Amino acid sequence: MVTFVLTTLPGLEAICAADAVDLGARQAVRLAPGYVRVEADAAFTWRANHAHPTAMRVLRFVGEGVADSLATLTRSAADVAWENHFDVTTAFAAAVTRLGEQPYRTLEAAAAIGMGVSARFHQAAGAWPRVDLKASPIVVRVLIVDEVAHFLVDLTGRRGLDKRAWRVADHPAPLASILASAMVRQAAWPNNGRAGVDGVRGATIGTSSGGLLLDPLCGSATILIEADHRARQRAVNLGRREFAFTHHLAHASEQAMDAWQAARDRLACNTSDRAGALMGNERDPARHAGALRNAAAAHLDPRRTAWRCGDFATLTRTDIGSDLDAVVTNPPWGHRMTSKKVSNRIFLQLQQQLDRWQPRRAVILVGDERFENLAPHREPTEVNVVRYGTTACRLVTYEWP
């Protein structure tokens, strides 16, 4: 078994861990805010990089040590067998994340780690590795929590897994793909009769229909596209070929490359056609057109996807149909695109529409508590705080009988 660390948005650790278990991890636990520690077989490298829907990076854990000073941090880095993971002729860079209190700054820590890695190679191979902060294929990532340093090597690369290839149409306030995917999992869609975040992938197996998922403010269609990937068990980054792990010693052989290709083939064959239906509504015609372009780039099945350009406040249950199961949406928060006055009006309209539509479950992403305060008569089933950039946004879940 190999120890991996997945990075995600702080607040999504439980969903990220559950997705890792879906991909074959034996164990997945929260390590720190935004970090999940995973035990899995070596092939998890390929499965997670291609198919994990809520991870930003896949990192391999290679050791830990004391980090109470720059001197001990350097010695701890020099104790790690870096020569087992990349060659001395390959340039590397060091990136540091600090949580808690340390008597040094982040740049000082990165320099100390670089010195330790270089010293290790000089001792083991008799040569000094080259440091390239801008274009190195190998990135040593170190998570320092209080006085403990967790040493990791990046298996993903400089472009994170959340940068999906299907996003061809821009939006002034795009929703992060991993957050959209987490919202769909929170909605437990497609529905197999169970509430909660468990079993979304398994729910599609042997199920002819999981009901309709509606996004009444669909923007660039991020939620709908991520929902389609989940429902059909499609690997979210299957078409990507550039990964950092191709520069690591464990993956450099021809045999390893053949195994990687076989893993991609298995993921491609795993796609299911038994899924629920999707419906997207967008008021702005230009953004509606952008949603259609993104949907085409993501290969959404047009037979299962309905689109409407209009005000969601005029969307009736008759327009939606009797098969509505979940509403998952991200209304404007009043931070960037609209004023708080306008967003309050949209929030109130959405609350009223939800009471009319009465889905089994609704998952709404908002920037603060205003959305809940506008409907004091209905208590959320669950509220999860997620750190999204500089905002502590709220993932609010409601249920109807």
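In region 2-43, what residues are of a type outside the set (A, V, I, L, M), outside any strand (DSSP E or B) and within 18 Å of His150 (Cβ to Cβ)? Give the steps one after another, and end with the answer.
Within region 2-43, the first condition is being of a type outside the set (A, V, I, L, M), and the residues that meet it are 3-4, 7-8, 10-11, 13, 16, 19, 22, 24, 26-27, 30, 33-35, 37, 39, 41.
From the residues that got through so far, the ones that are outside any strand (DSSP E or B) too are 8, 10-11, 13, 16, 19, 22, 24, 26, 33-34, 41.
Residues satisfying the conditions are Thr8, Pro10, Glu13, Cys16, Pro33, Gly34.
Before we move on, is Ala40 farther than 23 Å from His251 by Cα and either buried (at least 23 other Cβ atoms within 10 Å of the Cβ) or not assigned by TED's automatic domain parsing to the domain that holds Tyr388 (or both)? Working first, answer last.
Working: farther than 23 Å from His251 by Cα: no; either buried (at least 23 other Cβ atoms within 10 Å of the Cβ) or not assigned by TED's automatic domain parsing to the domain that holds Tyr388 (or both): yes.
Taking the combined requirement at face value, the residue does not satisfy it.
For Ala94, state whether it is crowded, with 18+ Cβ neighbours inside 10 Å and either in contact with a strand residue (DSSP E or B) (Cβ under 8 Å, 6 or more places away or on another chain) or closer than 21 Å to Asp146 by Cα (or both). Please lay out each step first, then the result.
Details: crowded, with 18+ Cβ neighbours inside 10 Å: yes; either in contact with a strand residue (DSSP E or B) (Cβ under 8 Å, 6 or more places away or on another chain) or closer than 21 Å to Asp146 by Cα (or both): yes.
Considered against the rule, which asks whether it is crowded, with 18+ Cβ neighbours inside 10 Å and either in contact with a strand residue (DSSP E or B) (Cβ under 8 Å, 6 or more places away or on another chain) or closer than 21 Å to Asp146 by Cα (or both), Ala94 comes out as yes.
Collect the residues in region 285-304 that are at pLDDT 95 or above and touching a strand residue (DSSP E or B) at 6+ places or on another chain (Cβ under 8 Å), keeping them in residue-number order.
Pro285, His288, Ala291, Leu292, Ala295, listed by residue number.
Which condition number in (1) touching a Pro at 6+ places or on another chain (Cβ under 8 Å); (2) surrounded by 20 or more Cβ atoms within 10 Å (Cβ to Cβ); (3) assigned to a loop (DSSP other than H, G, I, E, B) is the one that Arg336 fails?
Condition not satisfied by Arg336: (2).
Restricting the search to region 162-203, which residues are surrounded by 15 or more Cβ atoms within 10 Å (Cβ to Cβ), part of a helix (DSSP H, G or I) and at pLDDT below 95?
Scanning region 162-203 gives Val200, Arg201, Ala203.
I want to confirm something. Restricting to region 250-277 and keeping residues that are over 12 Å from Arg232 (Cα atoms) and outside any helix (DSSP H, G or I), which single residue is modelled with the highest pLDDT? Steps first, please.
Step one: filter region 250-277 for residues over 12 Å from Arg232 (Cα atoms), giving 250-266.
Checking the rest, the ones that are also outside any helix (DSSP H, G or I) come to 252-253.
On the way: Ala252: 82, Ser253: 87.
It comes out as Ser253.
If only one of Asp368, Asp311 is at pLDDT 95 or above and of a type in the set (D, E, K, R), which one is it?
Values: Asp368 fails: at pLDDT 95 or above.
Asp311 is the lone residue from the list that is at pLDDT 95 or above and of a type in the set (D, E, K, R).
For region 240-250, check the following and say yes or no: at least one residue is surrounded by fewer than 20 Cβ atoms within 10 Å (Cβ to Cβ), on the phi > 0 side of the Ramachandran plot and not aliphatic (A, V, I, L, M).
Within region 240-250 (the criterion being surrounded by fewer than 20 Cβ atoms within 10 Å (Cβ to Cβ), on the phi > 0 side of the Ramachandran plot and not aliphatic (A, V, I, L, M)), the answer is no, since none of the residues qualifies.
Under 6 Å between Cβ atoms, which residue pairs at least 6 apart in sequence (or on different chains) link something in region 16-35 that is not assigned by TED's automatic domain parsing to the domain that holds Val385 with a partner that is assigned to a helix (DSSP H, G or I) and not small (Gly, Ala, Ser)?
Close Cβ pairs (under 6 Å, with a partner that is assigned to a helix (DSSP H, G or I) and not small (Gly, Ala, Ser)) amount to Asp22/Arg201; Leu23/Arg47; Ala28/Val21; Arg30/Glu13.
Which one of the conditions (1) farther than 18 Å from Ala313 by Cβ; (2) buried (at least 19 other Cβ atoms within 10 Å of the Cβ) does Phe371 fail to meet, given that it meets all the rest?
Of the numbered conditions (1) farther than 18 Å from Ala313 by Cβ; (2) buried (at least 19 other Cβ atoms within 10 Å of the Cβ), the odd one out for Phe371 is (1).
Name the residue that is modelled with the lowest pLDDT, counting only residues in region 148-161 that are surrounded by fewer than 24 Cβ atoms within 10 Å (Cβ to Cβ) and in a loop (DSSP other than H, G, I, E, B).
Here the answer is Arg158.
Among all residue pairs at least 6 apart or on different chains, which show Cβ distances below 6 Å where the first residue, located in region 41-65, is over 15 Å from Val139 (Cα atoms) and the second is of a type in the set (Asp, Glu) and not in a loop (DSSP other than H, G, I, E, B)?
Note: pairs meeting the criteria are His52/Asp19; Pro53/Asp19; Thr54/Asp19.
Please find, among Val383, Val363, the residue that is at pLDDT 95 or above, of a type in the set (A, V, I, L, M), surrounded by 20 or more Cβ atoms within 10 Å (Cβ to Cβ) and under 20 Å from the mean Cα position of the chain (by Cα).
On the way: Val383 fails: surrounded by 20 or more Cβ atoms within 10 Å (Cβ to Cβ).
Val363 is the lone residue from the list that is at pLDDT 95 or above, of a type in the set (A, V, I, L, M), surrounded by 20 or more Cβ atoms within 10 Å (Cβ to Cβ) and under 20 Å from the mean Cα position of the chain (by Cα).
Just to be sure before I move on: is Arg141 at pLDDT 95 or above and either over 18 Å from the mean Cα position of the chain (by Cα) or over 22 Å from Ala298 (Cβ atoms) (or both) in the structure I sent? Walk me through how you get there before you give the answer.
Working: at pLDDT 95 or above: yes; either over 18 Å from the mean Cα position of the chain (by Cα) or over 22 Å from Ala298 (Cβ atoms) (or both): yes.
Judged against the criteria, Arg141 is a match.
Considering every residue within region 342-356, establish whether at least one is part of a loop (DSSP other than H, G, I, E, B) and either modelled with pLDDT under 95 or in contact with a helix residue (DSSP H, G or I) (Cβ under 6 Å, 6 or more places away or on another chain) (or both).
no
The values are calculated or read from the model by the stated rules, or taken from the named source; none is laboratory data. Predicted, not measured: the structure shown is a model, and the values here were computed from it. Here the Cβ is made from the backbone with ideal geometry for all residues, glycine too, and neighbour counts use every protein chain on show.
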